[in-house]
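K.L.:
Below is one structure. I have some questions about it.
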Amino acid sequence: MEPQKKNLRFVFVVGGVLSGLGKGVVTASVARLIKDSGHNVTTIKIDPYINIDAGTMRPTEHGEVFVTEDGGEIDQDFGTYERFLDINIPKNNNITTGKVYSSVIKKERALEYGGKDVKLIPDIVNEIKEMILKASEGFDVSVVEVGGTTGDIENLIFLYAIRDLMQEYKSSTIMVSYVPRLKNVGELKTKPTQHAMAKIRETGIVPDFIVVRSERGMDKPRLDKIATSCFLPKENIIDDPDVSNIYEMPLIFERQNFVAKILKNIELNYKEDAEKWREFVDKIKRAEKEVKIGIVGKYVAFGDAEHSDVYVSVMEAIKHAAYNSNLKPVIKQVFSTDIERKGDKILSEFDGIIVPGGFGSTGVEGKISAIKYCRENNIPYLGLCFGMQLAVVEYARNVCGLKAHTTEIDSNTDCPVIDVIPEQKELIEKKMYGATMRLGGWPANLKNNSKVFDLYGNKDIVERHRHRYEVNPKYIEELENKGLVFSGKSPEGKLMEFLELPKHKFFVGTQGHPEFKSRPLNPHPLFKGFINACCDKNA
Ligand code: GLN
């Protein structure tokens, strides 16, 4: 680790006041501008929960589970990082309390502490530092986001570790804060920010910058007031208003020379090179012609709150493809149980439908109806993972006349067209649910002259997976005889990875999750094909 010491720099992003402010977007935007300056950058996220990873968390409460190329099931902020930075980030860059403790306990059981008593300080702190350093190895700059809010007991220990790293490495720290506007007095309130600053200083960390989140942006006197009351130079208070599109954020920071100031702090050069990004944002602003997409799922709302987080990568992938074709995406989430109650007429407003990944029985019949509606009416359909599996069930039922289902929903079905693979059966029986699905990047071979081959422009592709069930090989011949084409298979030919209907405008299912690999400047070919078909372009 020694030679790295001189070169590696850190940028830490911590939160004050409350969570959910878009620290992930701040982290990703800063990292993007550092990358544009010509530095090799990575991002790390610390999540102070005891879960090992996000894989076992309920999507309606915690948002999407992002899947990495190396098979991690991690925090959705990694999707934002990957999209902004256009790199693949390994799962070990997500450090959780669970991971830290289980590693320390494993070492203790292996007598690696040589009989010492193992303690929060220094052992847990050292473990955190080691994990951060390992994930930062080989990079010029590591941007580390600390989840949660300063003052929470659960992230205190991580802040101690960071404080230590600050002593050893050139680093700069950003606190992301929030300034509420009190409607009754029409005033912006800076006090919570002052308190958050005091709280974080108690840990020995002195932030260099405050990114001030607010609804409409801040005026100069208010920003200056924050500077004075928090004892920071005025130019280090960065205005960060709500934006209609998160991809604008790097440009907002650029206008305030934010990253130039950060890089000066850590003695690196700044180079303005956001031209491509600017062009992309201009495209977003110019897009007028609408393309209306329905995402039919069950994780649409939780309590009173409508969720936009659960299918975030699907939504972003739609946006990337739409903007690329100069279209304005209008995306609506449809509760699949509403289709069960009201029928498929509620889908008539859409140019195309996606059934995304999913688990369990709620709303499954609604999803199947949506797929049937697309198939019969030549409406573009893209099925992602569960959306592909249910397309097989729909076809088996309504075209082949089988009483088919997936054994995930009906374990006694007469025709298990989708079934669990034997290794997975064992894991389920042992209740080994965490990190045991078919996960991460898996190769597939695409069939010549198929739609997916045309779109990818390549025979050998890799997509990320997260599932336990597969198309049952026993039914493949029957389904294919009736016109369903399995247009992509695993290299040994055993697993069905893609399906399509050749005569349909666009009817494609994939066992993978292409949404995780779509990038703003490089939209995913399947989503591009889908969106173009929705507008009849090249369909
Ligand atoms: N529930 C299905 C399975 O486990 C699909 C999972 C998904 O859509 N990611 O195979």
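The values are calculated or read from the model by the stated rules, or taken from the named source; none is laboratory data. Note that the structure is a prediction, hence the values are computed from the model and not measured. Don't worry about glycine lacking a Cβ; one is built from the backbone with ideal geometry, like all the others, and counts go over all protein chains shown.
K.L.:
Given the options Pro329, Pro356, name the one that is within 16 Å of the ligand (Cβ to nearest atom), closer than 30 Å to Ser244 by Cα and either among the aromatic types (Phe, Trp, Tyr) or under 24 Å from the mean Cα position of the chain (by Cα) (or both).
P.N.:
Testing whether each residue is within 16 Å of the ligand (Cβ to nearest atom), closer than 30 Å to Ser244 by Cα and either among the aromatic types (Phe, Trp, Tyr) or under 24 Å from the mean Cα position of the chain (by Cα) (or both) leaves just Pro356.
K.L.:
Please go through segment 416-426 and pick out each residue that is within 26 Å of Leu402 (Cα to Cα), surrounded by fewer than 17 Cβ atoms within 10 Å (Cβ to Cβ) and away from the ligand (no atom under 11 Å from the Cβ). Give the derivation first.
P.N.:
Taking segment 416-426 as the starting set, the residues that turn out to be within 26 Å of Leu402 (Cα to Cα) are 416-422, 424-425.
Next, from what is left, pick out any that are surrounded by fewer than 17 Cβ atoms within 10 Å (Cβ to Cβ): 421-422, 425.
Once the filter is applied, which keeps residues that are within 26 Å of Leu402 (Cα to Cα), surrounded by fewer than 17 Cβ atoms within 10 Å (Cβ to Cβ) and away from the ligand (no atom under 11 Å from the Cβ), segment 416-426 yields Pro422, Lys425.
K.L.:
Could you check segment 61-147 for helices (runs of 4 or more DSSP H) lying wholly inside it with 2 or more residues that are surrounded by 21 or more Cβ atoms within 10 Å (Cβ to Cβ) and either of a type in the set (A, V, I, L, M) or free of Cβ contacts under 8 Å to residues at least 12 places away in the same chain (or both)?
P.N.:
In segment 61-147, 125-136 are the helices (runs of 4 or more DSSP H) which contain 2 or more residues that are surrounded by 21 or more Cβ atoms within 10 Å (Cβ to Cβ) and either of a type in the set (A, V, I, L, M) or free of Cβ contacts under 8 Å to residues at least 12 places away in the same chain (or both).
K.L.:
Taking Glu492 as the residue in question, decide whether it is more than 16 Å from the ligand (Cβ to nearest atom) and assigned to a helix (DSSP H, G or I).
P.N.:
Considered against the rule, which asks whether it is more than 16 Å from the ligand (Cβ to nearest atom) and assigned to a helix (DSSP H, G or I), Glu492 comes out as no.
K.L.:
Another one. Would you check which residues across segment 256-277 are modelled with pLDDT of 95 or more and part of a helix (DSSP H, G or I) and list them?
P.N.:
Phe258, Val259, Ala260, Lys261, Ile262, Leu263, Lys264, Asn265, listed by residue number.
K.L.:
Right, another one. Return yes or no: is Lys367 surrounded by fewer than 24 Cβ atoms within 10 Å (Cβ to Cβ) and part of a helix (DSSP H, G or I)?
P.N.:
No.
K.L.:
Could we say that Ile295 is aliphatic (A, V, I, L, M), surrounded by fewer than 21 Cβ atoms within 10 Å (Cβ to Cβ), within 18 Å of the chain's Cα centre (by Cα) and assigned to a strand (DSSP E or B) here?
P.N.:
no
K.L.:
Report yes if some residue within segment 297-306 is touching a Ser or Thr at 6+ places or on another chain (Cβ under 7 Å) and of a type outside the set (Phe, Trp, Tyr); otherwise report no.
P.N.:
Yes.
K.L.:
Inspect all residues belonging to segment 170-178 and state whether any of them is in contact (Cβ under 8 Å) with a residue 60 or more places away in the chain, out of contact with any helix residue (DSSP H, G or I) (no Cβ under 7 Å at 6 or more places or on another chain), under 22 Å from Lys45 (Cβ atoms) and surrounded by fewer than 18 Cβ atoms within 10 Å (Cβ to Cβ).
P.N.:
yes
K.L.:
In segment 175-191, how many residues are within 12 Å of Val14 (Cβ to Cβ) and touching a Lys or Arg at 6+ places or on another chain (Cβ under 9 Å)?
P.N.:
Residues in segment 175-191 being within 12 Å of Val14 (Cβ to Cβ) and touching a Lys or Arg at 6+ places or on another chain (Cβ under 9 Å): 2 in total.
K.L.:
Right, next: Hey, can you tell me all the residues within segment 427-481 that are within 13 Å of the ligand (Cβ to nearest atom), closer than 21 Å to Glu394 by Cβ and either out of contact with any helix residue (DSSP H, G or I) (no Cβ under 8 Å at 6 or more places or on another chain) or of a type in the set (Asp, Glu) (or both)?
P.N.:
Once the filter is applied, which keeps residues that are within 13 Å of the ligand (Cβ to nearest atom), closer than 21 Å to Glu394 by Cβ and either out of contact with any helix residue (DSSP H, G or I) (no Cβ under 8 Å at 6 or more places or on another chain) or of a type in the set (Asp, Glu) (or both), segment 427-481 yields Glu470, Asn472.
K.L.:
Which residue pairs have Cβ atoms closer than 9 Å, lie 6 or more positions apart in sequence or on different chains, and pair a first residue in segment 428-448 that is under 15 Å from Met57 (Cα atoms) with a second residue that is in a strand (DSSP E or B) and among the basic types (Lys, Arg)?
P.N.:
Met437/Arg466
K.L.:
What residue, of Lys367, Lys342, is basic (Lys, Arg) and either in contact (Cβ under 8 Å) with a residue 12 or more places away in the chain or within 12 Å of the ligand (Cβ to nearest atom) (or both)?
P.N.:
Of Lys367, Lys342, the one residue that is basic (Lys, Arg) and either in contact (Cβ under 8 Å) with a residue 12 or more places away in the chain or within 12 Å of the ligand (Cβ to nearest atom) (or both) is Lys367.
K.L.:
Do we find that Thr56 is among the polar types (S, T, N, Q), closer than 30 Å to Val179 by Cβ and surrounded by fewer than 21 Cβ atoms within 10 Å (Cβ to Cβ) in this structure?
P.N.:
In short, no.
K.L.:
Of Gly512, Gly434, Gly483, which residue is assigned to a loop (DSSP other than H, G, I, E, B), within 21 Å of Ile368 (Cβ to Cβ) and either under 26 Å from the mean Cα position of the chain (by Cα) or of a type in the set (Lys, Arg) (or both)?
P.N.:
Answer to the check: Gly512.
K.L.:
Can you find a residue that is modelled with pLDDT of 95 or more, among the hydroxyl-bearing types (Ser, Thr, Tyr) and over 26 Å from Arg83 (Cα atoms) anywhere in segment 511-529?
P.N.:
Scanning segment 511-529, I find no residue that is modelled with pLDDT of 95 or more, among the hydroxyl-bearing types (Ser, Thr, Tyr) and over 26 Å from Arg83 (Cα atoms), so the answer is no.
K.L.:
Still on this structure, I have one more. Evaluate segment 363-376: report whether one residue or more is within 25 Å of the chain's Cα centre (by Cα) and under 18 Å from Lys292 (Cβ atoms). Talk me through it step by step, then tell me what you get.
P.N.:
Applying the first criterion (within 25 Å of the chain's Cα centre (by Cα)) to segment 363-376 yields 363-364, 367.
From what's left, under 18 Å from Lys292 (Cβ atoms): none.
So far as segment 363-376 goes, no, none of its residues is within 25 Å of the chain's Cα centre (by Cα) and under 18 Å from Lys292 (Cβ atoms).
K.L.:
While we're here: As an exercise: evaluate Glu290 against (1) crowded, with 23+ Cβ neighbours inside 10 Å; (2) modelled with pLDDT of 95 or more and give the number of the one condition it does not meet.
P.N.:
(1)
K.L.:
Let me ask something else. Within segment 392-412, work out how many residues are within 12 Å of the ligand (Cβ to nearest atom) and part of a helix (DSSP H, G or I). It would help to see each step written out before you state the result.
P.N.:
Let us first name the residues in segment 392-412 that are within 12 Å of the ligand (Cβ to nearest atom), namely 392-393, 406-409.
Restricting the remaining residues to those that are part of a helix (DSSP H, G or I) gives 392-393.
Adding up the residues that qualify gives 2.
K.L.:
May I ask you to say which residue of Gly115, Gly148 is over 26 Å from His62 (Cβ atoms) and among the small types (Gly, Ala, Ser)? Outline the logic, then answer.
P.N.:
Details: Gly148 fails: over 26 Å from His62 (Cβ atoms).
Gly115 is the lone residue from the list that is over 26 Å from His62 (Cβ atoms) and among the small types (Gly, Ala, Ser).
K.L.:
Would you mind stating whether Gly360 is of a type outside the set (A, V, I, L, M), in a loop (DSSP other than H, G, I, E, B) and modelled with pLDDT of 95 or more?
P.N.:
Against the criterion (of a type outside the set (A, V, I, L, M), in a loop (DSSP other than H, G, I, E, B) and modelled with pLDDT of 95 or more), Gly360 does not qualify.
K.L.:
Do the conditions hold for Cys385, that is, is it modelled with pLDDT of 95 or more, within 28 Å of the chain's Cα centre (by Cα), more than 16 Å from Ile476 (Cα to Cα) and within 13 Å of the ligand (Cβ to nearest atom)?
P.N.:
Criteria met by Cys385.
K.L.:
Give segment 363-378 a look and list any residue that's basic (Lys, Arg) and more than 17 Å from Pro502 (Cβ to Cβ), or say none.
P.N.:
If the condition is that a residue be basic (Lys, Arg) and more than 17 Å from Pro502 (Cβ to Cβ), then Lys367, Lys372 are the ones that fit.
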